[in-house]
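The next block holds one structure in the form of structure tokens; read it before the comments.
The values are calculated or read from the model by the stated rules, or taken from the named source; none is laboratory data. Keep in mind the model is a prediction, meaning the values are calculated, not measured. Every residue, glycine as well, gets a Cβ built from its backbone with ideal geometry; the counts of neighbours run over all protein chains shown. The protein model used for the area step is the full one, side chains on, heavy atoms only, and it has no ligands, DNA or RNA in it. Shrake-Rupley method; radii C 1.70, N 1.55, O 1.52, S 1.80 Å.
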Amino acid sequence: MSELLTITGLTKRFGGLTAVNAVSFSIVRGEVIGLLGPNGSGKTTVLNMISGHLSPTGGTIALGEETISGLAPNRIALKGVARTFQLVRGLPSLTVRENVVASLAFGRRKLWGEEADREALRRLEEVGLAGRAEHSAQDLTYIDQKRMELARALAADPELLLLDEWLAGLNPTELRTGIDLILSLKERGITILLVEHVMDAIRAVCNRCVVMNAGRKIADAPTAQALADPHVVTAYLGDAHA
Amino acid sequence: MNGKTILAIAGFIATIAALAFVPFVVGPYGVTLMIGMLGYVVLATAWALFSGPTRYVSLATVAFFGVGAYTVAVFSESIPYPLLLLVAAGIGLGVALVVGIATLRLAGVYFVIFTFGLAELIRQLVTWYEVNVTGTLGRYIFLPITPEGIYWQLLALAAITFAIAWWIGRSRIGLALRVIGDDEVVAVHCGINITGVKLALFGLSCTIITLVGAIQAPRWTYVEPSIAFNPTISFLTLIMALLGGAHRLTGPLLGAVPLFLMFEWLSANFPNHYSIFLGLIFIAIVFVLPRGVLAFIEERWTLWRRNEPVSGRTADE
Amino acid sequence: MLVTALLSGLVLGGTYALVAMGLTLQYGIARIMNLAYGEMIISAAFLAYVIYTGYGINPVLGLLITIPAGFAFGYVIYGVMMKPLVARARDKASLEIDSILATFGLLFVIQGVLLVTFGANFTSYNYLNVAVELFGTNVAANRLLALVLALTVGGALYLLLTRTLWGTALRAVAVSPASAPLVGIDVNKAARYAFAIGGGLAAAGGVVISMYQTFTATSGVVFTMKALIVVIMGGVGNVVGALSAGLILGVVETFVATYVDPGLTLAATYGIFLAVLLWRPSGLFGRRAG
């Protein structure tokens, strides 16, 4: 067991507001970790700092032995971090296949031409979207756009996959499919950090949960234990219920 | 490659070959007209190469055009001719990279403002250099190049520019540009170095523009900064590319030919009121496009992508 | 030497501040990036020239004509040209591009009209061109007057914006165009008046410039550039920022011209501009973004 991601004293301030305050945790290779907390607690900000979308005000992020905090997002992507976005971001003027090729062509694989097309189709099959490969990305339904985004992230062959509320907004059937998909990734040994609100999903897939509130880490424990932690209950439901 | 692509390439080569014979058919005035038209076709195509997909509107066309023309004027006696073009291209590329590194990270509006003033800055620097270092303002260019020679050089440059634009459309960098055009955040997270891609395209586009200036310079015989750095050139290039459609290969061509002829006619018949007409036409263009210029570029771009899905590559398979 | 340079730097800076305040209102409140701004300045300079040489009305008194004319021109241009663009714009970026391109066209129209009317020659007139002794050095009276005028108009504008309800409404639009209507501010009206006031300030600036500089029909671009640079240095929509940045730019330019080389002033200006863009994109006096 070796640590894949090590976050130490991570801090982000926007003007006078401290969105993330000295957060530290680490992820072991192959783990699926849930990053939880009420809205505005700083989860997505943490994810954005790991992927390089935001640069930290303080603290460090290391991937394996290497410090990645402060690098540009494209450099971090090439080191093996891939992500999806809270509000799904397809590339509307491209086809579904091209969306995935984008990640194959410029990511770690550097595939192009027929080879890239074949690999893209294989990735789309994994998420059950092969039949729509030549459709325009903007014609997809919401769940299919989410699938496409996941295929795009997986095509990068990431060491670490960041999922930002990937299951939000799905109906119960879609949710079941989504959870199964994440479980299959887990079986393949992909390390995943997911920001999520759907408790069933968290219980089903996460080995461990890191819980944040108002920018600070308030719990870091195996899933069942973390969810039962009185601090966590207070953070989610308020003092009256504690 | 499929039959359609081969046909397109054959057609392209035939067109260039046919155009090469034009000087033998038309008179001296015809050649002059063709030089001007071809110059703008290349300028507009090169402009669209960068500004079309990235949506960074550059008003600096004449800055690079002027750099090319002035390089030829300054070194016409000390450097042999073909090498002179290389030197000009090198200087243009150098300036483009410096400007690009400084400004391409900025929001689009700052880029527009900066490029707007760049021509004026370079003009003043050249003037300063000429007055203080050379001691004269204005230079004569005596190069043994005929108008036909200039025309053929421009034709070759046009062919190269179209070939590059076509190649970019089907290459990895073409996909990178489309991803950047759609969503820069996704682009960086896919591993694309967006500043690098933009810089490469800006450098390429500016180098071609510089060469247009360099090739056309011998036509003038006499050059001074206010001639070489005439802001109307930036303005015309922009209108032509926008009106023809900056998003597709032949768009700038379709804009450049009719507009060039119209402006020729205007400047011949209304030399004094020329810039007033120019301005009014341009304002009219902005107003005619119903949801704005940016939306126009984007919609046409998207529409084009969807009608001709996924470049020739799929069709080839 | 030093005092002379400083004084002429302040004169120049006062002029820059004056014109930049107009542009900062147009861009900060009306959200129009006006590339024809310099042409509006030069038009006013020609107007001052005409009413002084043609009708013998001195330029200071002439301000009573030029400023309202500039205001009216701005008001009409906004209503006819800009309002439709604002109305149809989907977002900030598309309005920026449209307004830049439309005013780029306007630039050529105004320049063309000036060229046809006045030709391409350098123009100037003699008004109060007498030396006044100040701090042990001689300054031309017209330059001193230019500085006084710039500071007076600028100060009046500042008081208008900060001390009146109406000015507060304008500033509210600058800060948050989306929430201003919630407190009963008519954003369209505010934008139109801001653009018109910008036109009035451009006119005042043009008159001031014409009093101590030569100008041509084509020198507008340089003024637009300098005003833009001052606006960005001072922070978009920030009147005090524009005032300070204008004075700084004027002094720096004059020092470069005096101690380095007059031909390199624009290069120095650009150097400052780039430095500001790269290190403080929200302006020297703006709120730091992010």
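Tell me which of B:Ile215, B:Leu104, C:Gly136 sits at the most positive position along the dipole axis of the protein assembly as shown, charges placed on C-beta atoms (Lys, Arg +1; Asp, Glu -1).
The residue sitting farthest along the positive end of the dipole is C:Gly136.
Of the accessible area of region C:2-279, with the probe set at 1.4 angstrom, what percent is carbon plus sulfur?
After summing per-atom areas, the C and S share lands at 68 percent.
For region A:170-204 and region C:24-42, what is the separation of their Cα centres, given in Å?
54
Just how large is the dipole of the protein assembly as shown about the Cα centre, in debye to the nearest 20, putting +1 at every Lys and Arg Cβ and -1 at every Asp and Glu Cβ?
The calculated dipole for the protein assembly as shown is roughly 780 debye.
In square angstrom, what is the accessible area per residue of chain B with a 1.4 angstrom probe?
Normalised by residue count, the accessible surface of chain B is 39 Å².
With all protein chains present, how much of the accessible area of region A:90-152 (probe radius 1.4 Å) comes from carbon and sulfur, to the nearest whole percent?
C and S fraction of accessible area: 46 percent.
Top mean-square fluctuation among C:Asp186, C:Asp91, C:Asp261, Gaussian network model of chain C, C-alpha springs under 10 Å?
Most flexible of the set in this elastic network: C:Asp91.
Given N residues in region B:30-306, what is Rg(Cα) / (2.2 N^0.38 Å)?
Taking the Cα Rg and dividing by 2.2 N^0.38 Å, one obtains 0.99.
Applying the Karplus parametrisation 6.51 cos²θ - 1.76 cosθ + 1.60 with θ = phi - 60° to the phi angles of region B:93-101, what ³J(HN,Hα) value in whole Hz is obtained for each residue in order, glycine and proline being reported as x?
4, x, 4, 4, 5, 4, 4, x, 4
Quick check: the distance between the Cα centres of region A:31-108 and region B:157-185, to the nearest angstrom?
Region A:31-108 and region B:157-185 have Cα centres spaced 26 Å from each other.
In debye, nearest 20: dipole of chain C around its Cα centre with unit charges on the Cβ of K, R (+) and D, E (-)?
780
Can you sort A:Glu134, A:Glu114 by solvent-accessible area, 1.4 Å probe, largest first?
A:Glu114, A:Glu134
Which pairs in the list A:Lys146/C:Lys83; A:Lys12/A:Lys79; A:Lys79/A:Lys146 are over 28 Å apart, alpha-carbon to alpha-carbon?
Too far apart for the 28 Å limit: A:Lys146/C:Lys83.
Mind listing the long-range amide H neighbours of A:Arg216? Cut-off is under 5 Å, sequence gap 5 or more, other chains count too, H placed in the peptide plane at 1.01 Å from N.
A:Asn21
Please compute the net charge surrounding C:Leu23, taking Lys and Arg as +1 and Asp and Glu as -1 over other residues with Cβ under 13 Å from its Cβ.
+1
Rank C:Lys83, B:Lys198 by accessible area, highest first, at a 1.4 Å probe radius?
Descending order: C:Lys83, B:Lys198.
Which residues belonging to region B:232-270 lose at least 50 Å² of 1.4 Å-probe accessible area when the assembly is complete, relative to their chain isolated?
Residues passing the criterion (a loss of at least 50 Å², heavy atoms only) are B:Phe235.
Give me the percent relative contact order of chain A, please, defined on Cα pairs under 8 angstrom at least 6 residues apart.
Across chain A, relative contact order equals 25 percent.
Would you mind calculating the relative contact order of chain B from Cα pairs under 8 angstrom and at least 6 residues apart, reporting the percent as a whole number?
32
With a 10 Å cut-off between alpha carbons and a GNM built on chain B, which of B:Leu83, B:Leu157, B:Leu238 moves the most?
Fluctuation is largest for B:Leu83.
Can you compute the charge dipole magnitude of region B:30-306 about its Cα centre, using +1 on each Lys and Arg Cβ and -1 on each Asp and Glu Cβ, nothing else charged? Give it in debye, rounded to the nearest 20.
My answer is approximately 660 debye.
Counting helices only, and only those DSSP H runs with n ≥ 4, report the 222 nm mean residue ellipticity of the protein assembly as shown as the sum of -39,500 (n - 2.57) divided by its residues, in deg cm²/dmol to the nearest 500.
Mean residue ellipticity, 222 nm, calculated: -20500 deg cm²/dmol.
Place +1 on the Cβ of every Lys and Arg and -1 on the Cβ of every Asp and Glu in region C:2-279, take the dipole about the Cα centre, and give the residue among C:Thr117, C:Val60, C:Ala87 whose Cα lies farthest towards its positive end.
The listed residue farthest towards the positive side: C:Ala87.
Based on the inverse mean of 1/r over its pairs of different Cα atoms, what is the Kirkwood hydrodynamic radius of region A:37-131, in Å?
Final number for the Kirkwood radius of region A:37-131 is 15.1 Å.
Over all alpha-carbon pairs of region C:77-208, lay out the pair-distance distribution in 10 Å bins, whole %, shortest bin first.
Answer for region C:77-208: a P(r) of 10, 27, 29, 22, 11, 2 percent.
For C:Trp166, what accessible area in Å² do you get when you roll a 1.4 Å probe over the heavy atoms of the protein chains, rounding to the nearest 10?
Here the accessible area works out near 110 Å².
Counting protein heavy atoms only and a 1.4 angstrom probe, how many square angstrom of accessible surface do chains B and A bury in total, to the nearest 100?
Roughly 2600 Å².
List the relative contact order of region A:39-116 as a percent without decimals, with contacts defined as Cα pairs under 8 Å and 6+ residues apart.
Computed value for region A:39-116: 20 percent relative contact order.
May I ask you to give the solvent-accessible area per residue for chain C, in square angstrom, as obtained with a 1.4 angstrom probe?
39
For the protein assembly as shown, go through all pairs of different Cα atoms, get the mean of 1/r, take its inverse, and jot down that Kirkwood value in Å.
29.8
How many angstrom lie between the C-alpha centres of region B:48-115 and region B:214-233?
After rounding, the separation between the Cα centres reads 15 Å.
Along the charge dipole of region B:30-306, which of B:Ile160, B:Met240, B:Val185 sits closest to the positive end, that is, farthest toward it, with unit charges on the beta carbon of Lys, Arg, Asp and Glu (+1, +1, -1, -1)?
B:Val185
Rounded to the nearest 100 Å², what's the accessible area chains C and B bury against each other, both chains counted, probe 1.4 Å?
The summed interface area works out to 3800 Å².
How much accessible area per residue does region A:36-123 have, in Å², with a 1.4 Å probe?
Averaged over the residues of region A:36-123, the accessible area is 36 Å².
P(r) for chain C: what percent of alpha-carbon pairs falls in each 5 Å bin, starting at zero?
Per 5 Å bin, starting at 0, the Cα pair percentages come out as 1, 6, 12, 17, 19, 18, 13, 8, 4, 2, 0, 0.
Report, to the nearest whole %, how much of the accessible area of region B:30-306 belongs to carbon and sulfur atoms, 1.4 Å probe, protein only.
Using a 1.4 Å probe with all protein chains present, region B:30-306 comes out at 69 percent carbon and sulfur.
For B:Lys198, list the aspartates and glutamates whose Cα falls under 15 Å from its own Cα; do not include residues on the same chain fewer than 8 positions away.
Cα-Cα hits under 15 Å: B:Asp182, B:Asp183, B:Glu184.
Which net charge results for the neighbourhood of A:Gly58, defined as the other residues with beta-carbon distances under 15 angstrom from its beta-carbon, given Lys and Arg at +1 and Asp and Glu at -1?
Cβ neighbours under 15 Å give a net charge of +4.
Give a residue-ordered list of calculated ³J(HN,Hα) values for region B:256-272 (Karplus: 6.51 cos²θ - 1.76 cosθ + 1.60, θ = phi - 60°; whole Hz; x for Gly, Pro).
5, 5, x, 5, 4, 4, 5, 5, 4, 4, 4, 6, 6, 8, 10, x, 7
May I ask you to find the residues of region C:83-98 that are shielded by at least 30 Å² of accessible area once the whole protein assembly is considered instead of their isolated chain (probe 1.4 Å)?
So the qualifying set is C:Arg88, C:Arg90, C:Ile97, C:Asp98.
Chymotrypsin sites (Phe, Trp or Tyr not before Pro) within region B:1-47: which are DSSP loop residues with at most 11 other Cβ atoms inside 10 Å?
Qualifying residues, ordered by number: B:Phe21.
Which three semi-axes in whole Å describe the equivalent ellipsoid of chain A, each the square root of 5 times a Cα gyration tensor eigenvalue, listed largest first?
Ellipsoid semi-axes (Å, largest first): 30, 21, 16.
Please give the net charge around C:Arg192, taking every other residue with its beta carbon less than 15 angstrom from that of C:Arg192, where Lys and Arg add +1 and Asp and Glu add -1.
+2
Compute, for A:Arg122, the solvent-accessible surface of its heavy atoms (probe 1.4 Å) with the complete set of protein chains present, and express it in square angstrom to the nearest 10.
The accessible area of A:Arg122 comes to roughly 120 Å².
At 1.4 Å probe size, with no ligands or nucleic acids counted, give the accessible surface of B:Ile173 in Å², nearest ten.
We get 50 Å² for B:Ile173.
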